[in-house]
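I am attaching a structure below and will ask some questions about it afterwards.
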Amino acid sequence: MQGVSVYIPVLETSRALKYCLDGLLNQTKKPDEIILLYNGNLPEVKAIAARYNYNIRLVHLTGTFNRSQIKNVALQSAKYDLVASLHANSVPQKDWLKILSDRMRKHSEVIGAGGPLVETHTDSITNRYRCLHLHQNQGASVIITPKLLHGGNTIYRRQALLGIGGYNQDLHNGEEDIELSSRIRKKGGLL
């Protein structure tokens, strides 16, 4: 079915989820559904989701899941042909979903697209280190077939990812995006 599903993993804490949902529902193009995948406090996540009069589905993850497994659950749960992801502590820019989904609709040969993650939390040594050495911002210009798409700001064609087996569930957290991007490129897919 044509549309956009956006999934948000809510792991361990849901402190910033309200800001993420506010930003997502303030988009120039709103998602057709929002999927919250969570492993934590059910009443807290339900209470946050209940504040919004919107199509929000909750998927409770019982047991231990790595990022790849969570992303595969999201792909299988999504109802729409385009599946976008956000981190629960991210706030998307107002035109984030419009830009990514328009690009995907305009270029049917593209399997996935992503955007920059702009770090604003530089209040601790850990956050400053991440900003300097693990930044996830490749700039604002369009890059055809980048080395990788960072998982917290992406959109993919659902059937294309399911067709290649989704995310590799044997990889450690953080490696799954690198491996998926590499596998798509090796199969001739465009990012």
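What about ILE143, is it modelled with pLDDT of 90 or more, open to solvent by less than 80 Å² (accessible area, probe 1.4 Å) and of a type in the set (Val, Ile, Thr)? Walk me through how you get there before you give the answer.
Details: modelled with pLDDT of 90 or more: no; open to solvent by less than 80 Å² (accessible area, probe 1.4 Å): yes; of a type in the set (Val, Ile, Thr): yes.
It is false that ILE143 is modelled with pLDDT of 90 or more, open to solvent by less than 80 Å² (accessible area, probe 1.4 Å) and of a type in the set (Val, Ile, Thr).
Quick one: which residue in VAL59, VAL10, VAL4 is more than 23 Å from GLY165 (Cβ to Cβ) and not acidic (Asp, Glu)? I'd like the intermediate steps shown before the answer.
Numbers: VAL59 fails: more than 23 Å from GLY165 (Cβ to Cβ); VAL4 fails: more than 23 Å from GLY165 (Cβ to Cβ).
Only one candidate passes the filter, namely VAL10.
Now, a different point. Of these, ILE8, ILE99, ILE34, which one is outside any loop (DSSP other than H, G, I, E, B) and either of a type in the set (Ser, Thr, Tyr) or in contact (Cβ under 8 Å) with a residue 40 or more places away in the chain (or both)? Steps first, answer last, please.
Details: ILE99 fails: either of a type in the set (Ser, Thr, Tyr) or in contact (Cβ under 8 Å) with a residue 40 or more places away in the chain (or both); ILE34 fails: either of a type in the set (Ser, Thr, Tyr) or in contact (Cβ under 8 Å) with a residue 40 or more places away in the chain (or both).
Unique residue meeting the criteria: ILE8.
Moving to a separate point now. Applying the selection to the range 60-94, what residues are β-branched (Val, Ile, Thr), surrounded by 16 or more Cβ atoms within 10 Å (Cβ to Cβ), out of contact with any Cys (no Cβ under 9 Å at 6 or more places or on another chain) and at pLDDT below 95? Outline the logic, then answer.
From the range 60-94, those β-branched (Val, Ile, Thr) are 62, 64, 70, 73, 83, 91; that's our starting set.
Applying the additional criterion that residues be surrounded by 16 or more Cβ atoms within 10 Å (Cβ to Cβ) yields 70, 73, 83, 91.
Filter once more, keeping what is out of contact with any Cys (no Cβ under 9 Å at 6 or more places or on another chain): 70, 73, 83.
Once the filter is applied, which keeps residues that are β-branched (Val, Ile, Thr), surrounded by 16 or more Cβ atoms within 10 Å (Cβ to Cβ), out of contact with any Cys (no Cβ under 9 Å at 6 or more places or on another chain) and at pLDDT below 95, the range 60-94 yields only ILE70.
State whether the residues of the range 60-67 include one that is under 13 Å from PRO9 (Cα atoms), touching a residue at least 60 places away in the same chain (Cβ under 8 Å) and not in a loop (DSSP other than H, G, I, E, B).
yes
From ILE99, ILE8, ILE35, ILE111, which residue is closer than 25 Å to SER181 by Cα, in contact with a Cys (Cβ under 8 Å, 6 or more places away or on another chain) and among the β-branched types (Val, Ile, Thr)?
Values: ILE99 fails: in contact with a Cys (Cβ under 8 Å, 6 or more places away or on another chain); ILE35 fails: in contact with a Cys (Cβ under 8 Å, 6 or more places away or on another chain); ILE111 fails: in contact with a Cys (Cβ under 8 Å, 6 or more places away or on another chain).
Within the list ILE99, ILE8, ILE35, ILE111, the selection yields ILE8.
Table: residues versus (1) within 27 Å of VAL45 (Cα to Cα); (2) among the β-branched types (Val, Ile, Thr); (3) surrounded by 16 or more Cβ atoms within 10 Å (Cβ to Cβ); (4) modelled with pLDDT of 90 or more.
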site	(1), (2), (3), (4)
ARG103	no, no, no, yes
GLY112	no, no, yes, yes
HIS133	no, no, no, no
LEU148	no, no, yes, no
GLY152	yes, no, yes, no
GLY163	no, no, no, yes
TYR167	yes, no, yes, yes
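The values are calculated or read from the model by the stated rules, or taken from the named source; none is laboratory data. Note that the coordinates shown come from a computational prediction; the quantities given were computed from them, not determined experimentally. Don't worry about glycine lacking a Cβ; one is built from the backbone with ideal geometry, like all the others, and counts go over all protein chains shown. For accessibility, only protein heavy atoms count, side chains too; no ligands or nucleic acids. Shrake-Rupley method; radii C 1.70, N 1.55, O 1.52, S 1.80 Å.
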